[in-house]
Amino acid sequence: MILRTIEEVLNSKNNVEADNWASRRFLVKKDGMGFSLSETTIYAGSETEIWYKNHFEACYCVEGEGEVEVLEPEPGISPIGPRSIYALDKHDKHILRAKTDMRLICVFHPALTGEEVHDADGSYPLSE
């Protein structure tokens, strides 16, 4: 069994921060689960262009409000709020906008190593 507290994650390399988000990676590739699990805060007023071309991601919004704008393959804008989920099932290129701080529970497949940050095109590299 794997058991981790937020304090353990905050004091590890699995606490990854950028200008407009902070991600606490609770489960990562080395845990052998086949997916990773993170709690991510997207900061109010931020806009992040993302393209997970190497991963699938699903996010459950616990608190806050914003929107996700899909650019490709099927353009559209959808609101995000508490108790809603969005899943990027087509490696969707998108923009994530936060009206307020948004706290999301995120699952990635394949699993993240835990130390990733977005590269120039908004993706995470595929780890070996």
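The values are calculated or read from the model by the stated rules, or taken from the named source; none is laboratory data. Here the structure is a predicted model, which means the values were calculated and not measured. No Cβ is skipped: glycine too gets one built from the backbone with ideal geometry, and neighbour counts run over all protein chains shown. Areas reflect the complete protein model, heavy atoms only, side chains present, ligands, DNA and RNA absent. Shrake-Rupley method; radii C 1.70, N 1.55, O 1.52, S 1.80 Å.
Using a 7 Å offset from the Cα along the Cα-to-Cβ direction at both Ala18 and Ala87, what is the distance between the two label points in nm, to one decimal?
2.3 nm
Given a Förster distance of 30 angstrom, what is the FRET efficiency for Glu49 paired with Glu8, based on the Cβ-Cβ distance and rounded to 0.05?
So, using R0 = 30 Å, E works out to roughly 0.45.
Heads up, I need the accessible area for Thr100: 1.4 angstrom probe, whole protein in place, Å², nearest 10.
Thr100 exposes around 60 Å² with every protein chain in place.
List the relative contact order of the chain as a percent without decimals, with contacts defined as Cα pairs under 8 Å and 6+ residues apart.
32 percent
Leaving out same-chain residues fewer than 8 places away, which lysines sit with a Cα under 25 Å from that of Lys53?
Lys13, Lys29, Lys30, Lys90, Lys93
Please list, by residue number, every one of the trypsin sites (Lys or Arg not before Pro) in region 44-97 that is coil in DSSP and has at most 16 other beta-carbon atoms within 10 Å.
Filter output for region 44-97: Lys53, Arg83, Lys90.
Say the dipole of region 1-122 comes from +1 at the beta carbon of Lys and Arg and -1 at that of Asp and Glu; which of Asn11, Ser46, His94 then lies farthest toward its positive end?
Value computed over the given set: Asn11.
Run the helix sum for the chain: -39,500 (n - 2.57) per DSSP H stretch of 4+ residues, divided by residue count, reported at 222 nm to the nearest 500 deg cm²/dmol.
-500 deg cm²/dmol
What is the spin-label model distance, in nm, from Ile77 to Tyr60 if the labels are put 7 Å beyond Cα along the C-beta direction?
Distance between label points: 2.8 nm.
Please give the contour-minus-distance gain from Ala120 to Lys99: 0.36 nm per residue of separation, less the Cα-Cα distance, rounded to one decimal in nm.
5.2 nm
Counting Lys and Arg as +1 and Asp and Glu as -1, each charge on the Cβ, what is the dipole of the chain about the Cα centre in debye, to the nearest 20?
Dipole about the Cα centre, nearest 20: 400 debye.
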